[in-house]
Structures are given as structure tokens and as C-alpha cells.
Amino acid sequence: MLEKNFNFKDQEATIYKKWEDAGAFACDLTRNPDQESSKDPYTIMMPPPNVTGSLHLGHALTYTLQDVLTRFKRMCGFDVLWQPGTDHAGIATQMVVERQLLEQGTSRKELGREAFIERVWQWKEQSGDTIISQQRRLGISPDWERARFTLDEGMSQAVTQAFVMLYEKKLIYRDKRLVNWDTKLQTAISDVEVITKDVKGHLWYIRYPLEDNHQEFITVATTRPETLFGDTAVAVHPDDPRYQHLIGQQVHLPLTNRTIPIVADTYCQIDKGSGAVKITPGHDFNDFEVGKRQALAVINIMDAHGHLNETVPEPYRGLSMEKARAAALHDLEEQELLEKTEAITQSLPYGDRSGVVIQPWLTDQWFVDAHTLAQPAIAAVERGDTTFVQKQWENTYFEWLRNIQPWCISRQLWWGHQIPAWYDDAGNIFVAQTVAEAQTQAGQGVHLTRDADVLDTWFSSGLWPFSTLGWPQSTTELDRYYPTDVLVTGFDIIFFWVARMMMMGLYFKKEIPFKHVYMHALVRDEQGQKMSKSKGNIIDPLNILDKFGCDAVRMTLTALAVPGRDIKLGEARIEGYRNFVTKLWNAAKFLQMNGCSERDEAFDPSKCQQNVNRWIVSETAQLATAVHQSLENFRFDEATLGLYHFLWGTYCDFYLEFIKPTIAEDLETQQTAVWVFTEFLKVAHPFIPFVTENLWQTFAPSEGLLMLQTWPDYEYDNTSSAEMRWAIDVISQVRSLRAGFNIPHTILLNLSTTTTDLRARIDRQQIAIFRLSRLND
């Protein structure tokens, strides 16, 4: 007999080990590498989590949805490859190890590059794969034997070859451009590593005297007076009547001995500030574009540490940007050039890991010609080769790709894929897959120095859908499992990862990397607030897994995955789906207590004689079809609610109640009740894998693992069950009337019928209707 409750704390690890020991997660090529599979392939690429990471609710949602699809497609007869792996996460991992070294009284520079990288590998092997053990807590079923790491040997070869191929086609180049510069980490960072915060600030109005008449000024409004030393123009809107007569004139740049022109540019907003803005191409991304249009000089006034350099007047050299601001404002005020100050709220960029304000900085970096690579990626979605679920995300995708800028791919770090470029003493560049090839290009005896930078993590992860399958070699895996079927990920990385995979896949493989992109929403707290440490509303998925069990957490996430709507998650919701698991367990105990101990493999549901049994068989067939259709359409919420209503309402509230008087003595009813229950376990398994596998082993121990069963697919005549549906409708309406008039269930009611036919239908179902509606006559 079953225990009182499903003991998930004891059972989950045991069941997971059974699945792994049976090789149930493996694709056909893993299971039989020398045998050609007769099944159709189905491939999902797992978004590789950072090797430094810890499971959060975004992970829990992504992995749960992927696992539902993976288990579902296996049961539908596909050869499923769910490709797992982890990302080396350059900045995050390097920071972890550098903190460890600091605690030990040393640093990476004292160790040297080679020893430091060896130290990072040691840390990665010892504790860096923590997230993998946490992933297993969610019951996910990827092909673990094929797990990849973005810095493993094969992946590194793919990254190097991709870089060289793009360089040879002039799609990778070295240039001096503005980048997001982290002055604390001393590296360029990607846009995804920049977070924007609204902070209290000021708008300062500064007078720039005209060169020909120092008594006349043009007033500019700026939030960054400390960068005026890098100004190379003042801009006004060409249609602004206030400044028409000044366009083309020169102004004296305050606090310097330079003059700069007044130019007309539509970047300016007539109704914002004074309508005139200072243009600092070397320290503002928008100004950089204005500078290109106006052919302005670009001056870099900052060093790598965020201090003013030797290009500024001597009194300000060496000052941090904060101190330079204070000094500049003081001197402007003394010279009566500070007209006024307004308090404002402004958005500032911060490094998500360093916490410092990010500075636009002009520096030599490696770039990808993203505009050229983006064109096929745009066309593929326009043609419908790749579709987004939901379709509105295509607009976001198009907007980003149609306005794409050169992609800075170099990082001033040691941990990562080192850029395969070498320089001779004259600064000439030689790009090759090996130092030997670079030496051949340069000529024997020429001294070469390798570029010290590493590649942006998104460069290697952009190759993920095909590099994990063996590219650049031609492999059986690549032929069979690429392109992949669906990518499940959060909408916040459409540009940073999804678009890059599209660009890389279409360039190197000439095929889209995935047919569908399912974008899920954010997980918020139960009030709809974004979770954050400062608000104290973060829900730790590991804690709720310990408290409620994996099945309850997974079913909550799928039920709340409504298209286009953020997920509001609270413990009360999870508790509700834990109650669902308990309901399923109690239904199993009811069956056992009434002689239904095991599923009869010879039972044929199509031969049921009793209406109530034919009805529940038909309902089961419809459930399997409906859940199948919902999952094909990525409607996880519809599928989950269908399971919930079938078990709680159709099966428990009605069918089991209908058969209570007869089940103990009626063999057909016993067999039907168990058959329907175990078919339900099949359909529910992708969502709640642990409890369903446990109960399957109880009721069908001779049929093997539940996760390897075939998805239910059958049709039955629904006409015979029409009367049962009518009876349920009568019961539901009577119950509704009771509730509306607040009539206690202890009071028996009489039912009035209007026709002989109606009375006859009620008589045929009288026992069920009277008992469940609490009727007397």
C-alpha cells in the first residue's frame, strides 16, 4: 500500500538515478552511435548557464519548459537531443577567482597569465559545476553525456576557426571606437552587462562665449560638465530660430585655450534644455555618431582608470571624473560661465558586476561587422523560416537588427578564448589558427606577440547550436540534429544571444539555427514586483524545491506561463499545486483500497459496456489530444489547466464518485479506473515527472519506466458518453444553485421535472445524480 503522502524528499533522487541508469535521457546517437535511427530527430539547445551561476527562478522556468517539451517529444516517438552545457562566463569567473586570490594576499598579475588560468581551471573543476547539480533538482532530462563547456577543446577550435574565417572575409576588423568601459574591471563590456538606474542628478547650463564677441554666449545644457575638455563642437537643431545666425561660428571652449564650431544637427531637441548641446565624440555614443556626420575631431580625455589624461589642461590632469566635475563647476562659477543648475532624475549606466558608472571610452578593440551578418538573419524571420512565439517579439528582433552597430568582441581579460591574432614589432597584424601559421605569414625570424585580449563570451555562445555538435568538423550529429527545433529562452537576450546565433548559424551553416523561438516572460513576486535583494522579495528556487517538492514547483511554473504575461509567483500558488499532487496521490490510494492494485495489460477500453466507463475513456482520449495540441502550440498554461481540471473535476469529483457504490465488486469498473488513472500519468508525466513515475511503478511495474512510454493516441465514440455529460451538467447546476442560495449539503432537496423524457433520463442516472446533488425525490 502507498504511504500517507508522496515523500518527494526521499523519492526524487532515487527516481532520477533510475532514469539515468536506464539511459533514458540519451538521444539515439548516444545510445547507439553505430546504428542509424528510424525516428525523426527533435533538438533543443539548452541556454548554457554561467559556470559560476546558481539556480534562480528564470533558470527554473526555462529548464522546466524545455524539459516538458523534451519528455513530451520522446513519448511521441522522436529521437530527442536536449543538448546541455555551461558557459565559461569570462568576467564573472575571473572575478570569483580574483577575489579568492585577494583573500590569500596575492593577485592574478603576481601569478602571471598562465598560472592564473591554471588556477581558474582548478576552481572550475572543484566547484564551478554547482549549477549542474542544482539543475538536476528540477528533474530535467538532457543528454548529460553530451554536456559541453564553452572552453573545452572542441569548442575552442570552433571559436578560433570562426574568428579566422570572419577576419579573412573582412567581417572582423580592428578599429578605434567607443565602447562600454568598466573602470573597475579594466575591460570593455557588452550591453547586456550594463544596467540602467534612475538617479538624482543635475542639468548644468554652461555659457560658451563666441570667439568674435566674448560678451555674447551660447548656453549649453549638460549632465556631464567634466567632459567638456573633450568637446569638439556645439550643436543646435537646424530649424531652431534662436540659433540660425550662430551656425558656422566658433565659440571659445571654457577652461581651455581651444575654439570649436557651432554645427546644425537634427540630433538636438529644440524643446529640451537650452536647445544647444555640447558634442563630445570621445565620451558619448550619440555624440560619436554626430561627430561622424559632422567630420569632427575625436578627443579622448580619460585613461583606463577613469581619470583625466594629459590632453586636458594641467590643473585637471589625474583627477577622477567625479573630482574633475567638482573642479570644473567651481572654476566655471568663478568665471561666471555657469548660468544655472536644475535638479533632475537621470538614467545612468552601471556595470552589473562592478557596480561603477560605465564610461563610454575610445579605445582600440576588435569588432564584428554585425550589419552585414544581420541581413540574412532579418530575411530568415521575414520569410518565416524561424518564427517567434509570441509573434510580437519579432518586432523587437527586427528593431535591434535593423539598427545594429559594430559588435565589440574583445575583452581585456585573461579567462576566455584568447584572440588568435599576433603583432610584429611594427604593429602589423597576423590572424591565424596557430602561432606557427601566424609565423609563416609574418616570415621566419620575425618577432611576434600575441594579442592579450579574449573574446566576448557571446561570441562563443553564438556558435552554440552547431559547435556543440562538432563543427567545424563534418559530424553525424551535425547532419542529424541541426538545425534545431525550438529555442526556449527569456526575452531579455533576444539581441545578445538569439540574434547572434541567427547571424552565426546562417553565415557558417547556411541554415537557420532553430525553427521556433519561444520567449517566456519574467518571473515576478505575487504582487507583480520585480524580485531584488533590496526589496527582500527574492524566492530561492532551491528553498521552494525543498519545501514543496519538484513536481509542485514545475506545475506552478507551467500553469503560470501565459503568453505575453509576466509570471506572478508566490508560495500560495505553489502550495495549490502541491495540493494537486496530493489529490493525485489520494486518488491512487482510493484505487488501492477498492481492489484496483495493478493495471491489466490485456484490458481493452474500447470494449467497455457501461456508460460511465465509456464516458471516462472518451474523456481521457480527449485530454491526451488536447494536451498534445497545447504543447505543439507552446501553450503550457492550457495543457496544465487541462490536466488540473481532468484529475480534480472529471476523474475525482465525478467519475470516482459515480463508481463508489460499485467499484469494489465490478471488474470492468476496476480495470477502467486503473487504466484511466495510468493513462493520465502518461499525459501528466512531462509536467510532474517524479510523482507520476512513482505511481506508474506502483500500478504498472511490469511495463518499464513511465518516461519511456508512448504518448496516448486513440479515438473512441463520444456519442455513448453524451448522457454522462448531461448528468454532470445537471449535478453542476444543482450545486451552483445550492451555493447561490447558501443551502447546506445536509438539507436534501426535491427535483421537479417537466417532461416524461427528462424524467426517464434522470431515472437512468438517478443514483449518481441524487447522491452527488444531495436530492431526495
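Straight-distance candidates among the lysines for linking to Lys170, with alpha-carbon spacing under 20 Å and chain neighbours fewer than 8 residues away dropped: Lys509, Lys510. Shown in residue order for segment 625-637 are the 3J(HN,Hα) couplings computed by the Karplus curve 6.51 cos²θ - 1.76 cosθ + 1.60 at θ = phi - 60°: 5, 5, 5, 4, 5, 4, 5, 4, 9, 6, 9, 4, 5 Hz (x for Gly and Pro). Kirkwood analysis of the Cα pair distances in segment 147-273 returns a hydrodynamic radius of 19.1 Å.
Rounded if a/c is under 1.5, else prolate if a/b beats b/c, else oblate: with a ≥ b ≥ c from the C-alpha gyration tensor eigenvalues square-rooted, which is segment 540-613?
Values: a/c = 3.36, a/b = 2.04, b/c = 1.65.
It is prolate, given that a/c is not under 1.5 and a/b is the larger ratio.
Once C-alpha pairs closer than 8 Å and six or more residues apart are averaged by separation and normalised to the residue number of segment 588-655, the relative contact order reads 23 percent.
Report the accessible area of Glu314, computed with a 1.4 Å probe over the heavy atoms of all protein chains in place, in Å² rounded to the nearest 10. Spelled out: Glu314, probe radius 1.4 Å, area about 120 Å².
Relative contact order of segment 462-577, please, whole-number percent, based on alpha carbon pairs below 8 angstrom and at least 6 residues apart. Walk me through the numbers on the way to the answer.
Working: 130 pairs, mean separation 27.6, N = 116.
In percent, rounded to a whole number, it is 24.
In this structure, the amide hydrogen of Thr386, modeled 1.01 Å from its nitrogen in the peptide plane, lies closer than 5 angstrom to those of Val381, counting only residues at least 5 positions away or on a different chain.
Sort out for me the Cα centre separation of segment 471-534 from segment 298-358, rounded to whole Å. What the calculation gives is 40 Å, centre to centre.
Only helical DSSP H runs with n ≥ 4 go in: add -39500 (n - 2.57) per run for the chain, normalise by residue count and round the 222 nm mean residue ellipticity to 500 deg cm²/dmol.
Details: 27 runs with 313 residues, N = 777.
Taking each H run of at least 4 residues, the total per residue is -12500 deg cm²/dmol.
Extending 7 Å from Cα along the Cβ direction at Arg113 and again at Arg317 yields two label points whose distance is 3.0 nm. Using only Cα atoms, tell me the angle between helix 57-75 and the longest principal axis of the chain; keep it within 0 to 90° and round to the nearest 10. Helix 57-75 sits roughly 50 degrees off the main axis of the chain.
Rolling a 1.4 Å probe over the protein heavy atoms leaves Ile270 with an accessible area of roughly 70 Å².
What is the packing order of peptides 673-682, 15-24, 61-70, taking the mean over residues of other C-beta atoms within 10 Å and listing the highest first? All intermediate terms of the calculation are to be shown ahead of the outcome.
Details: 673-682: 22.8, 15-24: 15.2, 61-70: 25.1.
Ranking the peptides 673-682, 15-24, 61-70 by packing returns 61-70, 673-682, 15-24.
Rounding to the nearest 20 debye, state how big the charge dipole of the chain is about its Cα centre with +1 on each Lys and Arg Cβ and -1 on each Asp and Glu Cβ. Don't jump to the answer; show the numbers that get you there.
Details: 76 positive and 101 negative charges, 288 e Å.
Taking the Cα centre of the chain as origin, the dipole is about 1380 debye.
Using a cut-off of 30 Å between Cα atoms, the listed pairs Lys9/Lys583; Lys176/Lys197; Lys200/Lys530; Lys184/Lys272; Lys18/Lys583 include Lys184/Lys272 as exceeding that distance. Only aspartates and glutamates eight or more places from Lys17 in sequence, or on another chain, were considered; those with a Cα closer than 13 Å are Glu693. Candidates Ser474, Phe590, Gly90 compared by Cα position along the dipole of the chain: farthest toward the positive end lies Phe590, with charges placed on Cβ. The distance from the alpha carbon centre of segment 688-762 to that of segment 613-657 is 11 Å, rounded to a whole number.
Once backbone amide H atoms are built at 1.01 Å from N, Glu211 has Gln250, Val251, His252 as its partners under 5 Å, excluding neighbours fewer than 5 places away on the same chain. Scalar couplings 3J(HN,Hα) for segment 340-345, obtained by applying the Karplus form with A = 6.51, B = -1.76, C = 1.60 to θ = phi - 60°, are 6, 10, 10, 7, 9, 9 Hz; x denotes Gly and Pro. What angle, in degrees between 0 and 90 and rounded to the nearest 10, separates the Cα long axis of helix 550-559 from the longest principal axis of the Cα atoms of the chain? Helix 550-559 sits roughly 80 degrees off the main axis of the chain. Computed from Cα atoms, the angle from the helix 393-402 axis to the main principal axis of the chain rounds to 20 degrees. 3J(HN,Hα) along segment 439-450, derived from phi through the Karplus expression 6.51 cos²θ - 1.76 cosθ + 1.60 where θ = phi - 60°, amounts to 5, 4, 4, 7, x, 4, x, 6, 6, 10, 10, 6 Hz, with x in place of Gly and Pro.
Partner aspartates and glutamates whose Cα lies under 12 Å from the Cα of Lys323, excluding those fewer than 8 positions away in the same chain, are identified as Glu226.
Out of the GluC sites (Glu not before Pro) in segment 501-573, which ones are loop residues according to DSSP with at most 15 other C-beta atoms within 10 Å? Passing sites in segment 501-573 are Glu511, Glu526.
Of the trypsin sites (Lys or Arg not before Pro) found in segment 517-594, the ones in coil according to DSSP and having at most 15 other Cβ atoms within 10 Å of their Cβ are Lys530, Lys533, Lys535, Arg565. Put simply, when 197-205, 664-672 are sorted by average Cβ atoms within 10 angstrom per residue, most first, you get 664-672, 197-205.
Remark: relative contact order (the chain) = 14 percent; criterion is Cα-Cα distance under 8 angstrom and separation of 6 or more residues.
The separation of segment 562-579 from segment 98-128, counted between C-alpha centres, amounts to 42 Å. Evaluated with a Cβ-only charge set (Lys, Arg +1; Asp, Glu -1), segment 430-504 carries a dipole of roughly 80 debye about its Cα centre, given to the nearest 20. Shown here for segment 229-329: GluC sites (Glu not before Pro) in loop regions (DSSP other than H, G, I, E, B) with at most 11 other Cβ atoms within 10 Å, namely Glu310. With the alpha-carbon atoms of segment 70-145 aligned to their principal axes, the span from lowest to highest coordinate is 57, 22, 17 Å, starting with the largest.
Beta-bridge orientation, the chain: approximately 70 percent antiparallel, per DSSP, counting only bridges with both partners inside. Of the residues Val80, Gln444, Pro686, the one whose Cα sits farthest towards the positive end of the charge dipole of the chain is Pro686 (charges of +1 on Lys and Arg Cβ, -1 on Asp and Glu Cβ, taken about the Cα centre).
Once backbone amide H atoms are built at 1.01 Å from N, Ile344 has Gly201, His202, Leu203 as its partners under 5 Å, excluding neighbours fewer than 5 places away on the same chain.
The values are calculated or read from the model by the stated rules, or taken from the named source; none is laboratory data. Here the structure is a predicted model, which is why all the values come from computation and not from measurement. Every residue, glycine as well, gets a Cβ built from its backbone with ideal geometry; the counts of neighbours run over all protein chains shown. For accessibility, only protein heavy atoms count, side chains too; no ligands or nucleic acids. Shrake-Rupley method; radii C 1.70, N 1.55, O 1.52, S 1.80 Å.
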